[in-house]
Each structure stands twice: as structure tokens, then as C-alpha cells.
């Protein structure tokens, strides 16, 4: 909790100082950002990203091997994928419903930033799905191809589970590697408050009041949709499926949410979210090690919410009316793309470009939302990792039929 308080204080200070410099000493902000804010944030990001590939690979191998029974692995895998697909569908439906109700866009609001933005081409769905299978696992790790790493890790873990005692020493090696990785992450987390301060100060100072206020309607509709989805959807999962208190859940998962907000990266937050879920929510390592790395790669509820609101917003700006078929197309593309393009950098805007192209809206209009997208990215990342934890908690509670695992789990109060 001490670290959580430090991160929250750092975020508040970063917002105050970044915004203050943008308003009162704008000429001083750029050099301070270049030589202080950005390097401070980048240092923390590099340290935590350094651990992403090791933690994903090792934890999924251990998690898959720990599940043991191939039937259990298939059941948990099916639950995990099903949960993320359904929650993403709910997320984008909430987003589009709010946007259609509030109507944040008005004709004639086109911004000059549209002209300077060139959208990246989203990769074809089938090509991305085929690329999940790595031709060279080592190369996939070097390049950080998360879907390929996950596929190979599940395969290795599955092999360890089937070979059982024949590979005890290899399994023990992975267990020790996991302990080492988690120890290094604990040390790195001492730099989290400094990193959070630098990242938020840079983002807020760069956007400024005018950029944020000009997109206020869009900004707050996205925030409202994210809040509703987190509280209602995830809260319901915790309350009715996991049979736990939502207040207890959100209170105990706050450290990971605050880091996710500061880093804007589910992958970079993964070590923290896994540690928090295991130590503060009581999720077993085998469940957490399988569900949360998969969720960090394919669960994009926050991004889906942004896409839904942005698509309706841009359509309203250009005075275009989306048909029911087009609205359903947006939902379908966002849900499928949440798996298909998960390993692509800048995935949110790339996926949005693909959605806009499919419904006949100008892709260049993405330039209108760039000013506030960094701040929204922070919030939707916090929502994404919360969804991963809610899924892990639900599966942990519904799969608690192994007597050995029951005996080793810590007892927790729902208060």
C-alpha cells in the first residue's frame, strides 16, 4: 500500500506540474520534457519492459504445466478466451450506446491535425492468425512477438505436463526462474513512482488544456464508458461469478491499476498485475500464470471502447449516419481484432483505422483524437488489466476443485 500511495502521489504531482508548465511557462516545458520528464518515464518503461518476455514465457510454461490435466487446460483456455470475447462485445456495445445517446460529435468540427496524420495499414486477419505459430521461437522472443511467445510457452508447458516426472528437473528450473524474475521485478518496482511522475507530466504537459478541452465531449464519453464497464461488468463478474466483494477486489487490485495507468501498457504492467492478483486476491500461480499473460495480449476491452466511441464520434463530425449493419460490423471487427492484431505496436489506432475503413469513414480523421488519446490510453490500459484480473479471479474460484491446491491457498476475507 505504501508503494501504491507513492505512485498515486507521483501521478497527481505529475499532472499538476506538467499542466502548470504548459500554462505558465510553455517555452520551458520542451527542454524539461526532453531532458527530465521523458527520460524519467522511459527509464522505468525500459526496466519493466525488459522483464515482459521472461515473465510471459516462464509464467505461462509454469501455469500450463501446473494445470496438469489436458482436459483442465482446455477447459480453462476455453473459459479465458470466451470471457475476453464476451467482455469485449459488452464493452464496445456500452461505448457505442453512450456515444449514440450523448452525441459528442457535431458537423463542422474537423481539425487541421487530420491533414497531417497518416494511418498505418492493419495486417490481414488470416496472416496475423497464421503468424501466431513461430518458425523460430528464439527470434519471436528477440522481437517481442507476444502471440508467438504465448503459443510456444503453452506448447512447452503442455509437454511438461504430459511428461510429468520425466521432466521434473526442467520444471524445477522454470520454478526457480520464476522466483528470480519476480525478485527482479520487486526491485524494479521501487522506481515506479518516479516513472509514473515522468510519464504523466510529459503526457499532460504536451497535450495542454486547449487540446483536452477541445475534445472534452469525446474524452468524457470514453471515460464514462470505461468507468461503467469496469464497475458494472467486472464488478458483476466478481460479485456473481467469483462470489467476492467488488469493493474488496478493486481495493486490493489498486496497485496494478495505478501502474497500468502510468505505463499505458498491459504488457509492461503484467509483472505487477500478476503479483498483485496472486498475493492480494489469492489467485493461484497456475491460474494467474496462464490467464493474465493471455489477457495482456488479447483482452482489449478499453481499446474496444475507444474504437466504439471514436467511430460514432467521427461519423457525427462528418454528419454521416451509421446503419445497423455498419454498427454491427464495428462490433464484430473490434472483437475479432482484439485477438488478431494484439501483437502490433500502436494497436489501438491501427485497429481503429481498420474499423473506419470498413464502415466507409475517412481514416485520416484519427488525427482529431490524437491530442487526448495518450491520456485515454492510460485509463483504458487500467481497465484492460482489471479485466484480466477479474477473469483470473473467476476462474480461480470456479476451478478450485483440486484438494492439493485448496490446501496451499491463503485464506482471504471478502471484507
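Side notes on the structure shown:
- Test: residue 201 is assigned to a helix (DSSP H, G or I), modelled with pLDDT of 85 or more, surrounded by 21 or more Cβ atoms within 10 Å (Cβ to Cβ) and out of contact with any strand residue (DSSP E or B) (no Cβ under 6 Å at 6 or more places or on another chain): yes
- Failed criterion for residue 283 (all others in (1) part of a helix (DSSP H, G or I); (2) in contact (Cβ under 8 Å) with a residue 60 or more places away in the chain hold): (1)
- Here 83, 36 are screened, and the one residue that is under 16 Å from residue 196 (Cα atoms) and either in contact with a helix residue (DSSP H, G or I) (Cβ under 6 Å, 6 or more places away or on another chain) or at pLDDT 85 or above (or both) is 36.
- Members of the stretch 265-280 found to be surrounded by fewer than 24 Cβ atoms within 10 Å (Cβ to Cβ) and either touching a residue at least 60 places away in the same chain (Cβ under 8 Å) or not in a helix (DSSP H, G or I) (or both), listed by number: 265, 267, 275
- When 113, 89, 59 are screened for being in contact with a helix residue (DSSP H, G or I) (Cβ under 8 Å, 6 or more places away or on another chain), in a helix (DSSP H, G or I), surrounded by fewer than 18 Cβ atoms within 10 Å (Cβ to Cβ) and modelled with pLDDT under 90, only 113 passes.
- Test: residue in the stretch 9-24 that is closer than 29 Å to residue 251 by Cβ, without any contact (Cβ under 8 Å) to a residue 24 or more places away in the chain and either part of a helix (DSSP H, G or I) or out of contact with any helix residue (DSSP H, G or I) (no Cβ under 8 Å at 6 or more places or on another chain) (or both): yes
- Which listed residue is assigned to a helix (DSSP H, G or I), under 23 Å from residue 283 (Cβ atoms) and touching a residue at least 60 places away in the same chain (Cβ under 8 Å), from 249, 194: 249
- For residue 144: the one exception among (1) surrounded by fewer than 13 Cβ atoms within 10 Å (Cβ to Cβ); (2) at pLDDT 70 or above; (3) at positive phi: (1)
- Among the residues making up the stretch 224-246, those that are part of a loop (DSSP other than H, G, I, E, B) and surrounded by fewer than 20 Cβ atoms within 10 Å (Cβ to Cβ) are 243, 245.
The values are calculated or read from the model by the stated rules, or taken from the named source; none is laboratory data. All of these numbers come straight from a predicted model, not from anything done at the bench. Heads up, the Cβs are rebuilt from the backbone with ideal geometry, glycines too, and the neighbour counts pull from every protein chain shown.
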